[in-house]
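Beneath this line is the structure, given in structure tokens, with notes to follow.
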């Protein structure tokens, strides 16, 4: 359900650290990240390749577990939950857009968008999915499979899938990374438009300064440390 | 959450995408094979059960190969039971110029006591489904009733006369249904029913005739049981009681054996299907990793994903297994057709039980081998949506398949009806897979050492095998199992069938004359000379039953081997000779000299000696015509039975058995142009039993042909399952290969370079698979020969050459064909897909 914007943080990361062991020593991927995102806000996470952007996104979404620190989503400490608890929380709160689209190849555009609703047990998943596909301009391609769609079209389907559950928070990982610049900017326009229409919070990982400038706030990562 | 609906939708989508075809195919084949055999044996079982006493013609039978003492009949009558008797023996029947070996059954009033005897007066042509009418009577004196086979082969009509020994009897009816004549190898010949009162006049009952005397008893169950107990205590060796529960045990045993063998053949397809399913589901799960990660990311819990795929596969299993059952229902008709030589009976429609078993087998198979990869799918890390390199921690290994393996073992034990056999077959498979796997790993390691050598293609091929070590070994073991099925079906089967069938040498004796009496020897010799055929050597025969070894009495119950039991139970022929037959060979001890004439010594045939456990130096006691005869074994002979000359299991020197009642036997070669000779011979010596060896061999070979065709038919399922394995194994590395091809081609590799390096890889995998297949097929051939068919299998060196060449050629061609489409796609398309 859509909620009115308020000033309480929807995402809060406290002293978030991620390190992995290599053959020779410990490699710190993220170091002591503190972050707070207010509901309805848009935040860009920028940095060069290997700066830890995607790792941070993974931790914020509860896809990965930190070495230390905590993440609160809508007030709930996600790492106090088990894997299934985090999945359920994601289903309730989050929408995702990935660089490689991550559509299920055996499902049509419509079926891909219906999927999160079906997983959430929504009784009539077809209508909202169709509405949203119409909104992203793919009303005539409902029955097409991902391989029959262009990269831009696939990403539109992915955006529709991300917004169809009316999530409070949408996370996007390099959403234009696999697209040419024209298509990329159309996709970004679409994402921002939908985000505003639905009053969702947006966390966007990108290395593209232009895109990041469209967000209300930015944090820059450099070798796993927040530098802004 | 309507997960079920979602899984139905996903099932449809996966089916459309062609992801499930091998799996479904393998499952249909496995269930189809099992239910084909299941439905068939169910029909036979139902037929046997339905017949009950019909099969026996009575509630209880006392049978013997000697005239039964009258106390049995007296006691049965005293107890108020109905009695009747019958006497069965083979003899020649002639009409006009043709004669035929038939089974004569002479019966007394009251026969049959149970079941129906149906006859008709209509003759001419077989009428399908002709019921005839039930009769309460038996043929009147001077008349006979005949069966269809005799009617057709002697072209008999109502009112015709046939000659039986010294009598001429009139054909008055045709038998359409007769108790005691339904299922089994035994009833190959035509049959005649006569009135027992006509028997003495035929002169056919003579010394040495093979007659089975039967007393039929029927009445109230309790009284019959009392009579059974009473007679049991009075049975002497050679007499036996047959009740409904042990009706025609030899037929039941034969059918049971056939069913077990067919079941095991069908189970071979189940094992192969299991391999194909395991490979296909492994690929399925690898292809669904991303999807599962996305679903995890979108909020699906582990149990949601597990349930989603459980519904998916349960539904798939039910549909595929049902199709398999339908296939089995249709295919069993083919078995009925091919095995009609064994089953001379309209079979009832099968029950649905085999279908239930089929469904169960399908589900166990699918879930047992699909579950481990599916369990893995549920734990796919959601982080994979961001980092594709994160895969599955593959921790299930072979242990994950333990449910499936355990289920298969239970199936084997159940179908083999024998814990040891079931466990050893299944154990054999597991050990084979384990050994193949181990050798595979070692060979891959050795081959990896060679990777620096050879041309570019070989280098890349070897490098690919090293990189995919586990995959390559799994592939070659799976391919080896598939190829093994092919080899067993072709080479081994031919070898075994060759051993099974025996061809007659052109000048070998083709007629046996049995039942020759001593006073007929001279006239017979004259008869031969008159017809310009040189008189063949004639051998004496004395019937005796082995009753003791080294002074210890033996009974059939002392032996577990069925052949040994039979040898002890029945009388067989002893003979005497001064010289050893030229086709005999002494393997132990010594043949007697002239001075041994009259000495109580014996020479025993090797096979019987081994079966019963007789050694040189043992003393054997025989019951010959009621009196004991004891002699010691001085030699063991090997007999070339294929020569079709007269031979005996037990021979003594002359002057030992001469006083006992004897008949004579001879064999000779009758040229085809002298066919008249036989008719004259039978007319002159009506008591002779003429055995036409050629036609018997022909008949036996026909049965063997049909039975082997039935076995081949069941093996067809195994063959198809083998193909499913081949396909699944090649497809298992397809995705990796596609990816590789795209990168190689992007880097400028030519199409031909790629093809050569893959060809090298497939050649190595195919070669390994071929060697595994040859080893497995040889072992299986040996096991089938030794344990199922009781014949020694000689190893065929060609199997190694064929295995290796077939492996290399089939796998390379199939592999390259499977990857062909990869080469025609633009690299970028593929890379995009993968990205």
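Using per-residue counts of other Cβ atoms within 10 Å, averaged over each peptide, order B:357-366, B:529-538, B:656-665 from highest down.
Sorting B:357-366, B:529-538, B:656-665 by mean packing, highest first, produces B:357-366, B:656-665, B:529-538.
Over chain A, what is the mean sequence separation of C-alpha contacts under 8 Å (at least six apart), divided by residue count, expressed as relative contact order in percent?
30 percent
What do you get for the angle between helix A:181-198 and the principal long axis of chain A? Use alpha-carbon atoms, 0 to 90 degrees, nearest ten.
90 degrees
Under 25 °C and 0.890 mPa s, how fast does the range B:534-669 diffuse according to Stokes-Einstein, given a Kirkwood radius computed over C-alpha pairs? Answer in µm²/s, whole number.
Rounded to a whole number, D works out at 162 µm²/s.
What ranking of A:226, A:185, B:752 emerges when the number of other C-beta atoms within 10 Å of each C-beta is taken as an exposure proxy, fewest first?
The most exposed by this proxy come first: B:752, A:185, A:226.
In µm²/s, what is D for the protein assembly as shown at 25 °C and 0.890 mPa s, where D = kT/(6 pi eta Rh) by Stokes-Einstein and Rh is the Kirkwood radius from Cα pairs?
D, rounded to a whole number, is 69 µm²/s.
To test your reading of the geometry: what angle, between 0 and 90 degrees and rounded to tens, separates the Cα axis of helix A:109-119 from the longest principal axis of chain A?
The two axes meet at around 60 degrees.
Quick one: grab the alpha carbon gyration tensor of the range B:75-176, order the square roots of its eigenvalues as a ≥ b ≥ c, and give me rounded if a/c is under 1.5, else prolate or oblate depending on whether a/b is larger than b/c.
It is oblate, given that a/c is not under 1.5 and a/b is not larger than b/c.
If you fit an axis through the alpha-carbon atoms of helix A:126-135 and take the longest principal axis of the Cα set of chain A, what angle between them do you get, 0 to 90°, nearest 10?
80 degrees
Which percent, to the nearest 5, of DSSP beta bridges fully inside the range A:9-226 are antiparallel?
Of the beta bridges lying entirely in the range A:9-226, close to 50 percent run antiparallel.
Cut-off is 10 Å between beta-carbons; in what order do A:163, B:528 appear when sorted fewest neighbours first?
B:528, A:163
From the square roots a ≥ b ≥ c of the eigenvalues of the alpha-carbon gyration tensor of the range B:53-246, which class results: rounded (a/c under 1.5), prolate (a/b over b/c), or oblate?
Here the range B:53-246 falls in the prolate category.
Let's test the formula: R0 of 51 Å, r as the Cβ-Cβ distance of residue B:423 and residue B:736. What FRET efficiency results, to the nearest 0.05?
0.85
Restricting to the range B:534-669, what percent of DSSP beta bridges are antiparallel, rounded to 5?
Just about 75 percent of them are antiparallel.
Can you tell me what share of the DSSP beta bridges in the protein assembly as shown is antiparallel? A percent to the nearest 5 is fine.
DSSP beta bridges in the protein assembly as shown are roughly 75 percent antiparallel.
Sort the range B:569-609 into rounded, prolate or oblate with this rule: let a ≥ b ≥ c be the square roots of the eigenvalues of the Cα gyration tensor; rounded if a/c is under 1.5, and if a/c is not under 1.5, prolate when a/b is larger than b/c, oblate otherwise.
Here the range B:569-609 falls in the oblate category.
No lab work stands behind these numbers, since they all come straight from the coordinates. Quick caveat: nothing in here was measured; it's all calculated off a predicted structure. Glycine also receives a Cβ, built like all others from the backbone with ideal geometry; neighbour counts cover every protein chain displayed.
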